[in-house]
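S.K.: So that we are looking at the same thing, I have put the structure below in structure tokens.
The values are calculated or read from the model by the stated rules, or taken from the named source; none is laboratory data. Here the structure is a predicted model, which means the values were calculated and not measured. All Cβ positions, glycine included, derive from the backbone under ideal geometry; neighbour counts span all protein chains shown. These accessible areas exclude ligands, DNA and RNA; they are computed on the full protein's heavy atoms, side chains included. Shrake-Rupley method; radii C 1.70, N 1.55, O 1.52, S 1.80 Å.
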Amino acid sequence: MSLTEYKRKRNFRKTSEPEANGQAAHGHSFVIQKHTASHLHYDFRLELDGTLKSWAVPKGPSLNPTVKSLAVHVEDHPLSYANFEGTIPQGQYGGGTVMVWDRGTWDPEGDSVKDYKRGKLSFVLHGKKLSGRWSLVRMSGKAGEDGKNWLLIKSDDSSANKKKNILTTEPNSVLSGRDMDEIAAAKDHVWQSNGKSQKTKAKAKSKPATRVARNGKPSTVNPSMLTDAKKKLQPAEFKPQLATLGTSVPTGDNWLHEMKFDGYRILAFFEQGQIRLVTRNGNDWTRKFPTLGKALAQLPIQTVILDGEVVSLDSDGRPDFQQLQNLLKRGDDKEIVYYIFDAPYYGGYSLQKTPLIERKELLAQLFKNLGDNSIIRYSDHIAGQGSSVLDNACQLGMEGIVSKQTQSGYSEARSSAWIKSKCTKRQEFVIGGYTKPTGSRVGFGSLLLGYYENGKLIYAGRVGTGFNATSLRQIHKELKKIKTENSPFEHQLEAAQARGATWVEPVLVAEVEFTEWTDDGLLRHPSFQGLREDKPAKQIVREKAQPLKKKQAATKRSRPRSQPTEDDARVAGVVITHPGRVVYPEQGLTELDLAQYYESVGDRILPYVADRPLTLVRCPQGRKGQCFYQKHLNDSLPDALRGVVANEDEEEYVVLDDVAGLVSLVQMGVLEIHPWGSRAESLEKPDQIVFDLDPGPGIVWKQVIEAARAIRKRISSVKLESFVRTSGGKGLHVVIPLKPGSTWEKVKQFAKTMALDMQKDDPALYIATASKAKRNKKIFIDYLRNSRGATSVACYSTRARAGAPVAMPLRWEELGKLKSPDQYTVENSLRRLSTLKTDPWDGFFQLKQTLR
């Protein structure tokens, strides 16, 4: 089918549904919409080949694998239909109430396009409510109604349930939490093809809140009429939503763009006639802004939380942070301006689920009569044209812009629904020392800067420009109060960097503008902008730009993921100090995501890594940052790790024992775990042999699979069993479990002989020497992994590679279906494991094999 039938059935001058514009295929999303038209049914839609393939399921999906639910194939729908929750006008095709009952992604089993045409689709769902393996099968004969009638069938797997009726236990929307009656009652939200809501007249009985009108008298703004507004007591404490630093400006009409203000973020609380002004970190700054407090108190508003930025404007109307700081030092707030850009609470209603564009419309009405000279101003926006907006902002000398999704709610966290784009790079740094002034300069020469990483202060360079005589004296006065004998930086600075330095306690925070980071992690062309008093030094980390995700529309991610702040998170009892730090930028995976992955696979991975010396690949700034190997224990490592002396040098190797130790590795920035082939209690007795099949240039994947099977056959010929896993890199690992007893030399000699025999039998395909120059069109059988102290990646360990791949154990029977060595990733491994009835390496540790 195409969208021709969809268009034919609808009059888009009357219906509010989206028009069928051409759309390219995005991926594999699915949505199930609960629909009351002539009768209640469920519309099951799978994204395939650029449209939503759709089936009407009269009785809805069932978790019972013995139930075969009728699914009537209907016309294809456009991809934008997946966001449709609201009402279709009566008298139009499908007129009635529509709910987004479930949505997520689906993984096809096989060639989905061909299987769809053949009439049998098998797939795995990853939704909010439905998961596991399902099938859609076209009925034949008269019952098939010329191909219209299909059957939706749940497979008998771990997500099946013969007793639970999910339609009754989870009846509400995954999009808004509303039931069908609430959606039907929201007549002010008839869905439009342009994504905006169609307003109807407010009910006369609704009690209005107040706003400022043109004549200066209160007028009406009714928060209850806003989409998804919930009557709720206003909280006394509240955290502002934070923006994510982006690498490019979001495009499309579903984004609006605001100027990025260079000032102090302030939440204004209106409570029972009192005004409180609070910083982003919860500090009460009401006394710092008495003039602003009085101006806000004149507004005819009873209860509200306003979100905005306090700035000081220069003669050209641009925010000047250092000028603002000088005003505050003098205790003068008469020349400041408070730009308001959001209101998460208003008039006794929580607006956190209300679309941003409606919250902005509310603010525009409240403050449109205040005038351009008022200390309180509404922060306007431009819809779409993101790149042009940023270019203009930079030409005007602004710091940058903040882009926001028009339909997004308000989250008390750092969110990818708000993206900040800067004209120049700028962030806060901790001051760890200063140098002596030269020539006629007063105070100091430059400030030594750093940022925190895993609780340690990392040196980031020095800044010596951006000061005037006044700021040099004032800052030097503060520095002298906190002088200390020792450097606060984690690593000893080079002689040139530390020459003439006076160290200080790392408590002062400076805002610095710079052009870029150098390859060795230092600032290029930094310029001092001012001291920050609203951010604790311990919270200062290196900001990392995040690329926009491919599906960065108003929809949520297919796999639910929290949007953590830079505040601490706790996983398996371990504090993750930077949960929001992105470690795999392609997927936007954070340290918290990685910690939760390892917690989930803890029981599976521990047998392969616990009580073994480890070599770790650490990437503190994520996989695209600088990575390095670590195998020795030192004082900076977490308490959940211990050491074992493995060599005559008496240096201790890192060892872990439990999930807490595993998660501690994530806190350290570890992206790969490589264990020894023996346990700490018996280091000289290896318990496994590993063959790493490493394909050279010109080798196709099928040849690697055949190589694994060939080496398995050779191993079987000497009465040994072997297991296979993906490496997460380029090849496969074939592993032989052993009863501890053989020496390292004997194990290595066995592996070497096996590899040389493979090379001798087929020298055109196999090579057993490490020379890369000789590997063209050959598979290197790496037996060197079996030397004492050598390591190989652990089962279930992540790799520091694009895509967040995982080394995944397989059954030999699965090898033929494997598409690549990096097929399994952090994002799909848990789904795979949840569908397995037995461990792929079942019996690995029970085998008591010995070398003869």
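S.K.: Can you name the residue in region 403-441 that is surrounded by fewer than 20 Cβ atoms within 10 Å (Cβ to Cβ) and among the β-branched types (Val, Ile, Thr) and, of all such residues, is farthest from Glu505 (Cα to Cα)?
M.R.: Among those residues, the one meeting the criterion is Thr424.
S.K.: Looking at (1) touching a Lys or Arg at 6+ places or on another chain (Cβ under 6 Å); (2) closer than 21 Å to Gln688 by Cβ; (3) open to solvent by 10 Å² or more (accessible area, probe 1.4 Å), which is the one condition that is false for Pro607?
M.R.: All conditions are met except number (1).
S.K.: Something else about it: Identify the residue in region 768-791 that is β-branched (Val, Ile, Thr) and touching a residue at least 40 places away in the same chain (Cβ under 8 Å) and, among all such residues, is surrounded by the fewest Cβ atoms within 10 Å (Cβ to Cβ). Walk me through how you get there before you give the answer.
M.R.: Quick first cut of region 768-791, residues β-branched (Val, Ile, Thr) only: 769, 779, 781, 791.
Restricting the remaining residues to those that are touching a residue at least 40 places away in the same chain (Cβ under 8 Å) gives 779, 781, 791.
Numbers: Ile779: 26, Ile781: 26, Thr791: 21.
Within region 768-791, the match that is surrounded by the fewest Cβ atoms within 10 Å (Cβ to Cβ) is Thr791.
S.K.: Cβ-Cβ distance below 6 Å, separation of 6 or more or different chains: which pairs start in region 223-250 with a residue that is on the phi > 0 side of the Ramachandran plot and end on one that is open to solvent by less than 20 Å² (accessible area, probe 1.4 Å) and in a loop (DSSP other than H, G, I, E, B)?
M.R.: Partner pairs satisfying both residue conditions: Asp228/Ser176; Asp228/Thr354.
S.K.: Sticking with this structure for a sec: Looking at the structure I just gave you, is Tyr338 crowded, with 16+ Cβ neighbours inside 10 Å, of a type outside the set (A, V, I, L, M) and in contact with a helix residue (DSSP H, G or I) (Cβ under 7 Å, 6 or more places away or on another chain)? Talk me through it step by step, then tell me what you get.
M.R.: Numbers: crowded, with 16+ Cβ neighbours inside 10 Å: yes; of a type outside the set (A, V, I, L, M): yes; in contact with a helix residue (DSSP H, G or I) (Cβ under 7 Å, 6 or more places away or on another chain): yes.
Yes: the conditions hold for Tyr338.
S.K.: Hey, which of the helices (runs of 4 or more DSSP H) in region 282-389, taking only ones fully inside, have at least 2 residues that are in contact with a Leu (Cβ under 6 Å, 6 or more places away or on another chain)? Before you say what the answer is, go through the steps one by one.
M.R.: Working: elements: 290-297, 321-329, 356-367.
So the answer is 356-367.
S.K.: Name the residues in region 110-130 that are open to solvent by less than 50 Å² (accessible area, probe 1.4 Å) and either closer than 22 Å to Glu170 by Cβ or of a type outside the set (A, V, I, L, M) (or both), would you? Let's see the steps before the verdict.
M.R.: We begin by selecting, within region 110-130, every residue open to solvent by less than 50 Å² (accessible area, probe 1.4 Å); these are 112, 115-116, 119, 121-127, 129-130.
The answer is Ser112, Asp115, Tyr116, Gly119, Ser122, Phe123, Val124, Leu125, His126, Gly127, Lys129, Leu130.
S.K.: Okay, next question. The conditions are (1) part of a strand (DSSP E or B); (2) of a type outside the set (Gly, Ala, Ser); (3) touching a Ser or Thr at 6+ places or on another chain (Cβ under 7 Å), and Leu267 fails exactly one of them. Which is it?
M.R.: Every listed condition holds for Leu267 apart from (3).
S.K.: Separate question: Residue under question is Asp822, and the condition is that it be within 20 Å of Gly731 (Cβ to Cβ) and either touching a Leu at 6+ places or on another chain (Cβ under 7 Å) or of a type outside the set (A, V, I, L, M, F, W, C) (or both); does it hold? Break it down into steps so the answer makes sense when it comes.
M.R.: Details: within 20 Å of Gly731 (Cβ to Cβ): yes; either touching a Leu at 6+ places or on another chain (Cβ under 7 Å) or of a type outside the set (A, V, I, L, M, F, W, C) (or both): yes.
Here the answer is yes, as Asp822 does meet what is asked.
S.K.: Separate question: Answer yes or no: is there a residue in region 131-140 that is touching a Lys or Arg at 6+ places or on another chain (Cβ under 7 Å), more than 19 Å from Leu48 (Cα to Cα) and part of a loop (DSSP other than H, G, I, E, B).
M.R.: Within region 131-140, none of the residues are touching a Lys or Arg at 6+ places or on another chain (Cβ under 7 Å), more than 19 Å from Leu48 (Cα to Cα) and part of a loop (DSSP other than H, G, I, E, B).
S.K.: Restricting attention to region 680-692, which residues are among the aliphatic types (A, V, I, L, M) and modelled with pLDDT of 95 or more?
M.R.: Going residue by residue through region 680-692, those that are among the aliphatic types (A, V, I, L, M) are 680, 683, 689-690.
Once the filter is applied, which keeps residues that are among the aliphatic types (A, V, I, L, M) and modelled with pLDDT of 95 or more, region 680-692 yields Ile689, Val690.
S.K.: Residue check: is Pro344 farther than 24 Å from Gln474 by Cα and open to solvent by less than 10 Å² (accessible area, probe 1.4 Å)? Don't jump to the end; show me each part of the working.
M.R.: On the way: farther than 24 Å from Gln474 by Cα: yes; open to solvent by less than 10 Å² (accessible area, probe 1.4 Å): yes.
Taking the combined requirement at face value, the residue satisfies it.
S.K.: Working only within region 146-157, note down all residues that are modelled with pLDDT of 85 or more, open to solvent by less than 80 Å² (accessible area, probe 1.4 Å) and assigned to a loop (DSSP other than H, G, I, E, B). Even if it seems obvious, please write down each step before you answer.
M.R.: We begin by selecting, within region 146-157, every residue modelled with pLDDT of 85 or more; these are 148-157.
Remaining after also requiring open to solvent by less than 80 Å² (accessible area, probe 1.4 Å): 149-155, 157.
Ser155, Asp157 - these are the residues of region 146-157 that are modelled with pLDDT of 85 or more, open to solvent by less than 80 Å² (accessible area, probe 1.4 Å) and assigned to a loop (DSSP other than H, G, I, E, B).
S.K.: Something else: Step by step: first the residues of region 571-604, then only those that are part of a strand (DSSP E or B), open to solvent by less than 10 Å² (accessible area, probe 1.4 Å) and β-branched (Val, Ile, Thr), then the one that is farthest from Thr835 (Cα to Cα). Which residue is that? Show your work before the answer.
M.R.: Pass one, region 571-604, residues part of a strand (DSSP E or B): 571, 574-576, 582-584, 589-590.
Next, from what is left, pick out any that are open to solvent by less than 10 Å² (accessible area, probe 1.4 Å): 571, 576, 583-584, 589.
Now drop any that are not β-branched (Val, Ile, Thr), which leaves 571, 576, 583.
Details: Val571: 24, Ile576: 29, Val583: 27 Å.
Result: Ile576.
S.K.: Next question. Suppose we filter Ala204, Ala160, Ala143, Ala184 for residues that are open to solvent by less than 40 Å² (accessible area, probe 1.4 Å) and modelled with pLDDT under 90; which single one remains? Break it down into steps so the answer makes sense when it comes.
M.R.: Values: Ala204 fails: open to solvent by less than 40 Å² (accessible area, probe 1.4 Å); Ala160 fails: modelled with pLDDT under 90; Ala143 fails: open to solvent by less than 40 Å² (accessible area, probe 1.4 Å).
It is Ala184.
S.K.: Suppose we filter region 245-266 for residues that are open to solvent by 10 Å² or more (accessible area, probe 1.4 Å) and either among the hydroxyl-bearing types (Ser, Thr, Tyr) or out of contact with any strand residue (DSSP E or B) (no Cβ under 8 Å at 6 or more places or on another chain) (or both); how many remain?
M.R.: The number of residues fulfilling the criteria is 4.
S.K.: Can you spot a residue in region 442-456 that is open to solvent by 40 Å² or more (accessible area, probe 1.4 Å) and more than 38 Å from the chain's Cα centre (by Cα)?
M.R.: Checked region 442-456: at least one residue is open to solvent by 40 Å² or more (accessible area, probe 1.4 Å) and more than 38 Å from the chain's Cα centre (by Cα).
S.K.: Still on this structure, please answer the following. Of a type in the set (D, E, K, R) and not in a strand (DSSP E or B): is that true of Glu412 in this structure?
M.R.: Numbers: of a type in the set (D, E, K, R): yes; not in a strand (DSSP E or B): yes.
When the stated conditions are applied, Glu412 passes them.
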